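The values are calculated or read from the model by the stated rules, or taken from the named source; none is laboratory data. The shown structure was predicted, so the numbers you read here are calculated from the model rather than taken from an experiment. Every residue, glycine among them, receives a Cβ derived from its backbone with ideal geometry; neighbour counts consider all protein chains shown. Heavy atoms of the whole protein, side chains included, go into the accessibility calculation; ligands, DNA and RNA do not. Shrake-Rupley method; radii C 1.70, N 1.55, O 1.52, S 1.80 Å.
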Amino acid sequence: MYEQFFHLQCKPFELVPNPAFFYLSRTHRKALSYLEYGIRERAGFVLLTGEVGSGKTTLIHNILNRLEGEIVTARVFNTRVDPTQLLSMINEDFGLSVENRQKIDLLRDLNEFLVSQYAERRQPVLIIDEAQNLSPDSLEEIRLLSNLEAVDRKLLQIVLVGQPELKIIIRRPELRQLRQRINISCHLGPLNEEETEEYFFHRLECAGNAAAVTLPSGAFSRIHRRTEGLPRLVNIVGDYLLLAAFTEGDADLNIELIDEVLADLADGVTFAGPCESVMGTVDADDCHSRLNTLENMVGRPADADSGRGSIQERLLKHENILRKVISGQREQLAGLHTELEKVRLCMEGIEDRLDRVLKLQDRERGAHKDRARTLLAKLSG
């Protein structure tokens, strides 16, 4: 709609992941290096996490483009499935037939396919997106797939991609074996304010005109604060800013217009605002209208101004009380989160100590068996 006005070859702020627009922030560069290393070196499981809109899918597209021709990939997006359905989706994306196949058939077909790829010196890579939605049974099924191996290497490289809660899920005691197989783990953090500005103009440059619009001092401080540095939200803001500038017929954006766009997006719940913005304040005209209706329903005179004022005052007091309660609950939740984190770290320490004790017991048991065999041999002699 506005591409011709700004001399752009395409829309710069589309939400569809496009490797051509990939921007390497510090955290994205690190994650890209980790992913490429993990895949090239066949480092077992690779874990990639990040907030919604942080660019995980775009990063995956980029790494697949970089390794094109070296790997054979299967990608799974729908993760709210049972283990058998998951296997079917994996096989189907690798190009295998899944019609009328039972679980044992699916496993056999997948193993034969992986062996054939190994013989042809191809590297199969399985990428599971939205992995935080997988059930523990499905995660265990994926772990078992990593047991498919040749003499010198794993037959299947697995990349788990998900939101930050995926790390919490993997810490569950029943998933300890899966957790121990994750050799590479990286997290996509948000852009900082400087990177947000660079990202904005990088997208414009990729679309054909980095100088399409000019923004005043302080603009990106506002944009970064409202988007929290998440690329997807920056894209939404960028698209609306260009549309607003096109509507005004002026490529020089001012602070008033930027604030107006950010406010419109906040009203449309694009951004997560504070509790007060959701609750709002008591509007006097609206309160008068509602009170008039109530008074008519109960037969009270509509000019009961003193009663109306008293009710308004009480409503405002209740609103302030609710806000204080919510603020206190937030503080309590923050405290609980801190305590839970301490408990988690303690549990991990206990788990590690138990592992060491079990290994020590295994060694001692083996030593006892050796001594018993030696003693029996002497007695027999």
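Scanning segment 38-56 for residues that are without any contact (Cβ under 8 Å) to a residue 40 or more places away in the chain and not acidic (Asp, Glu) yields a single hit, Arg40. Take Leu191 and tell me if it is over 14 Å from Val46 (Cα atoms), open to solvent by less than 20 Å² (accessible area, probe 1.4 Å) and part of a loop (DSSP other than H, G, I, E, B). So Leu191 passes the test. Out of everything in segment 64-88 that is more than 20 Å from Glu41 (Cα to Cα) and open to solvent by 50 Å² or more (accessible area, probe 1.4 Å), what residue ends up being modelled with the lowest pLDDT? Applying the filter and picking the extreme gives Asn78.
The set of residues from segment 30-50 being surrounded by fewer than 22 Cβ atoms within 10 Å (Cβ to Cβ) and in a strand (DSSP E or B) is empty. Figure legend. Inter-residue proximity from segment 26-37: first residues under 16 Å from Val161 (Cβ atoms), second residues among the hydroxyl-bearing types (Ser, Thr, Tyr) and open to solvent by less than 10 Å² (accessible area, probe 1.4 Å), beta-carbon distance below 9 Å, spacing 6+ or different chains. Indicated pairs: Thr27/Ser54; His28/Ser54. Thr374 fulfils the conditions (1) open to solvent by 80 Å² or more (accessible area, probe 1.4 Å); (2) at pLDDT 75 or above except for a single criterion, (1). Only residues that are out of contact with any Gly (no Cβ under 8 Å at 6 or more places or on another chain), of a type outside the set (Val, Ile, Thr) and either open to solvent by less than 50 Å² (accessible area, probe 1.4 Å) or in contact (Cβ under 8 Å) with a residue 60 or more places away in the chain (or both) were counted in segment 141-156, giving 8.
Among the residues of segment 90-132, the ones that are assigned to a helix (DSSP H, G or I) and either under 26 Å from Tyr37 (Cα atoms) or hydroxyl-bearing (Ser, Thr, Tyr) (or both) come to 14 in all.
Determine whether Gly53 is open to solvent by less than 20 Å² (accessible area, probe 1.4 Å) and either in contact with a Gly (Cβ under 6 Å, 6 or more places away or on another chain) or not in a strand (DSSP E or B) (or both). Yes. Is it true that some residue in segment 69-83 is farther than 30 Å from His202 by Cβ, in a helix (DSSP H, G or I) and more than 21 Å from the chain's Cα centre (by Cα)? Scanning segment 69-83 turns up at least one residue that is farther than 30 Å from His202 by Cβ, in a helix (DSSP H, G or I) and more than 21 Å from the chain's Cα centre (by Cα). Take the residues in segment 197-245 that are of a type in the set (Ser, Thr, Tyr) and within 20 Å of Phe6 (Cβ to Cβ), then tell me which one is surrounded by the most Cβ atoms within 10 Å (Cβ to Cβ). The qualifying residue surrounded by the most Cβ atoms within 10 Å (Cβ to Cβ) is Tyr199. The condition of being of a type in the set (Lys, Arg) and farther than 22 Å from Val81 by Cα holds for Arg153. Say whether the condition of being surrounded by 20 or more Cβ atoms within 10 Å (Cβ to Cβ), under 30 Å from the mean Cα position of the chain (by Cα) and in contact (Cβ under 8 Å) with a residue 40 or more places away in the chain is met by at least one residue in segment 91-101. No, segment 91-101 has no match at all.
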